[in-house]
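A short reminder: the numbers here are calculations on the coordinates, not readings from a lab. Everything quoted here is computed from the prediction, not taken from an experiment. FYI the Cβ positions are ideal-geometry reconstructions off the backbone, even for glycines, and counts take in every protein chain you see.
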Amino acid sequence: MDVLQLLISGLANGCVYGLVALGFVLIYKATEAVNFAQGDFMMLGAFMTLGLVNPEYAGIPFWLALPLVFIIMGVLGYLLDLVVLRAVFGQSQTSVIILTIALGFVIRFAVGAIWGHEPQSLRSPLAFGDIRLGGVVLGVVDLAVILVTVILTLLLWQFFQRTKIGLAMQAASQNQMAAYYMGIPVKRVQGLVWALAGIVAAVAGILYASKGAIDPNAGFIGIKAFAAAVIGGFGSLPGALMGGLIVGVIEPFAARYFPPGWSQIAPYALLILVLVFRPHGLFAQVRAKKV
Amino acid sequence: MRFPFKTSYDHDIRLFPDWWNFSLYAALLALAVVLPFMIDDYFLGEATSVLIWAVAGLGLMLLTGQTGQVSLGHSAFMALGCYSCVLLMEAGVPFVLAFLASGVITGIIGAVIAVPALRLHGVYLAIATLALAILADDIIVLTAEWTGGVNGKYAPPISILGVTVDRWSTPDLYYWMVLLVVVGVTLAYRNLLRAPLGRAFAAVRDSEISAQAMGIDIARTKTMAFGLSCAITGLGGALMGLFSGAFNNETFSFLLSIQLVMMIVVGGLGSIHGAFLGALVVSFLPQVLSITAGALGRGVAIPGLEAAVFGVMLIGFILFEPMGLYGRWLKIRTFLELFPFARKDMFRRQKAYLKTERLR
């Protein structure tokens, strides 16, 4: 029973990592850039919902606030691409990495200035009660997190595999010039994927905030999400989710069965091992290009 | 505008292209040497800190600016340099030897770590090194037996040939010691760039495929770059730890390496000047901010403000001046030298399209 309990809570945590990792992978798949600010996006989405829903701020009903947050985060993602990232269009990945790290700092400061630095909790309708199933206590929120994550991953995966715009996004990432020749509006496609990443970040943020208190430094779980994305294989959506689950499950087990201190190291140690032995991740779809 | 008239191939690789250039840098060095007589102890401490940042920045510049590999993990190597130097000193090794050994140790370990990291490039390398920086923090806590863990360590007194060099009682000696290290590292860096290895670095940065076609061993070049870069950064870390007096795992958190990256980008990637300009910005930004906040009547520090201002600056630089402060200076200098014939498009960036190594 103990093991099962750890497993469930690990899976729920892992789903949040997986969702943030999904944001990385979305942007990586479509623009070949990595958004180091995805964790901070998630934190921003969480705080935005908190600002709309909690009675001490706007006090809007939760289900009404939800689409509002999605729209705001989507528009924000698109604008960010339009104003900031389009300027480094076609430049090396390095400049995007540095740019998004800087963006993360700015977002963290803005959130701290608006909503303060104390941990706050979201009045989420998801965050009520437990279900008892023969000795195992399941939080409703944990189940909701797992469900939403799985559905979202499947949707996005199919979106990239089947829809025209999903395919256009993949084409744009592989060879921008060739994608232009094929009539793909590469810049607009990239803007769209940033909007999509903003919305995914909002979903992750709301789920994360339903699980516990948030503060402006919550964005640092983005680093664990990185580990998740790399372990699963950057560029693979189901891989990102699997990576998130692996990282999420390893943590509580390492905390339980290893000497103290090792549980923090475990995800990164696994990340480095994966990078050394399978650089393209456990569930990679990537093959090196032969020149 | 002066036109150098080259009469031998050596002109191309001279340390200083002409006497004018040489005398400029000689004057700068002379100014740096007599600085302790001109400013008070507080600003001398700040100047020392600028120089220490510059050493660490030069280390990362060698990797990122010259070889084109991003590392977000150089705080780990700063920590390694610092702890190895202090542990050696505690074991009774004289400071000068311990200091040099810490650079060598960090360099070797860096090169060893680089071997698997070589298979990664771009984003993957950045993430792997970021993981390394976070791991370093935890490893320092886990190995508390040697490192003191969260409680940290106090820097032992430095003594060179019987003379005690202390930050508080002899700040000028401390400054000169750091200046000596800076001059040594800068000269080594400059010489490396005109040696075959330095040329290989630039070739790898600009195009791995064409570098390979020219007969450069890419794996070896990258390993050397990583090792040398770590060695220099390790020296910087040792100086920083000794300068701060006491240090623990928090001193070398991964935020430090992000700060290093930001520093060299703001200063100007790929130039020695950039490391120094960036170090100036990093060291004086907090002061400028607190003075500004004080003038605006906000006595208390706003958390995160410094990082946010740095972030905005960085975004501004990447968008409008990708070559950093040094690039801006080059443009101003060209404008003045060619006046009135300088044209805006002389520094125009070529249109670029991204092509990846990915098939699906």
The set of residues whose placed amide H lies less than 5 Å from the amide H of A:GLY139, leaving out same-chain residues fewer than 5 positions away, is A:ILE131
List the residues whose amide H sits under 5 Å from the amide H of B:VAL165, counting only those 5 or more places along or on another chain, with H placed 1.01 Å from N in the peptide plane.
-> B:ILE158, B:SER159, B:ILE160
In what sequence, highest mean first, do B:180-192, A:236-248, B:150-162, B:332-344 appear when ranked by Cβ atoms within 10 angstrom?
-> A:236-248, B:180-192, B:150-162, B:332-344
Treat each spin label as a single point 7 Å out from the Cα along the C-beta direction, and report the B:ARG119 to B:ILE291 distance in nm.
-> 5.2
The simple spin-label model distance between B:ILE209 and B:LEU319, using points 7 Å out along Cα→Cβ, in nm, is 3.3
State to the nearest 20 debye the size of the charge dipole of chain B about its Cα centre, where the only charges are +1 on K and R beta carbons and -1 on D and E beta carbons.
-> 1560
Can you give the mean number of other chain Cβ atoms that lie within 10 Å of the Cβ atoms in peptide A:85-97?
-> 5
Let me know the charge dipole size of the protein assembly as shown about its Cα centre in debye, to the nearest 20, where only the beta-carbon of Lys, Arg (+1) and Asp, Glu (-1) is charged.
-> 2500
Treat the count of other C-beta atoms within 10 Å as a stand-in for reagent exposure and order B:TYR326, A:TYR57 from fewest to most.
-> A:TYR57, B:TYR326
Report the paramagnetic label zone for B:ASP172: residues of the stretch B:1-37 whose backbone N is under 15 Å from a point 7 Å from Cα along the Cα-to-Cβ axis.
-> B:31-37
Decide, for chain B, between rounded, prolate and oblate: order the square roots of the alpha carbon gyration tensor eigenvalues as a ≥ b ≥ c, take rounded if a/c falls under 1.5, and otherwise choose prolate if a/b is larger than b/c, else oblate.
-> rounded
Pick out, from B:GLY237, A:VAL53, A:LEU103, the residue whose Cα sits farthest towards the positive end of the charge dipole of the protein assembly as shown, with +1 on the Cβ of Lys and Arg and -1 on the Cβ of Asp and Glu.
-> A:LEU103
Between B:ARG333 and B:VAL93, what is the FRET efficiency for a Förster distance of 45 Å, r being their Cβ-Cβ separation, to the nearest 0.05?
-> 0.50
Mind giving me the nanometre distance, one decimal, between the label points for B:ASP40 and B:ASP217, set 7 Å out from Cα along Cα→Cβ?
-> 5.7
Would you work out the relative contact order for chain B, in percent, from Cα pairs under 8 angstrom that are 6 or more residues apart?
-> 28
Pop the C-beta distance of A:GLN161 and A:ARG132 into the FRET formula with R0 = 45 Å and round what comes out to the nearest 0.05.
-> 0.70
With runs of 4+ DSSP H residues as the only contributors, calculate the mean residue ellipticity of chain B at 222 nm using -39,500 (n - 2.57) per run, divided by the residue total and rounded to the nearest 500.
-> -22500 deg cm²/dmol
What is the order of B:LEU179, A:LEU122, fewest Cβ neighbours within 10 Å to most?
-> B:LEU179, A:LEU122
Residue among A:LEU19, A:VAL136, A:PHE159 farthest towards the positive dipole end of the stretch A:11-217, charges placed on Cβ | A:PHE159
Considering Cα pairs under 8 angstrom that are at least six residues apart, work out the relative contact order of the stretch B:223-342 and quote it in whole percent.
-> 26
Step through the residues of the stretch A:260-272 one at a time and calculate ³J(HN,Hα) from phi using the Karplus curve (6.51 cos²θ - 1.76 cosθ + 1.60, θ = phi - 60°), rounding each to whole Hz and writing x for Gly and Pro.
-> x, x, 6, 5, 6, 6, 3, x, 6, 4, 5, 4, 5
Considering Cα pairs under 8 angstrom that are at least six residues apart, work out the relative contact order of chain A and quote it in whole percent.
-> 36
Evaluate the Kirkwood expression for the hydrodynamic radius of the protein assembly as shown, namely the inverse of the mean inverse distance over all pairs of different C-alpha atoms, and round to one decimal in Å.
-> 26.3
Expressed in µm² per second, the diffusion coefficient of the stretch A:182-291 from the Stokes-Einstein equation, with Rh the Kirkwood radius over alpha carbon pairs, at 20 °C and 1.002 mPa s, is 135
Global form of chain A, assessed from the alpha-carbon gyration tensor, a/c cut-off 1.5 = oblate
Partner shielding of A:276-282, taken as the mean number of other chain Cβ atoms within 10 Å, equals 3
The stretch B:1-95 shape via C-alpha gyration tensor axes, a/c threshold 1.5 = oblate
Charge dipole (chain B, unit charges on Cβ, about Cα centre) - positive-most of B:PHE252, B:LEU132, B:VAL34 | B:LEU132
Sorted by Cβ density within 10 Å, fewest first, the residues B:GLU306, B:GLU145 | B:GLU145, B:GLU306
Only Lys, Arg (+1) and Asp, Glu (-1) charged, at Cβ; the stretch A:11-217 dipole about Cα centre in debye | 560
Work out from phi, with θ = phi - 60° and the Karplus expression 6.51 cos²θ - 1.76 cosθ + 1.60, the ³J(HN,Hα) of each residue of the stretch B:72-81, listed in order in whole Hz, and give x for Gly and Pro.
-> 9, x, 6, 5, 4, 6, 5, 4, 4, x
On average, how many beta carbons from a partner chain sit within 10 Å of the beta carbon of a residue in B:314-321?
-> 5
Rounded to 0.05, the calculated FRET efficiency for the beta carbons of B:ALA144 and B:PHE284 at R₀ = 51 Å is 0.90
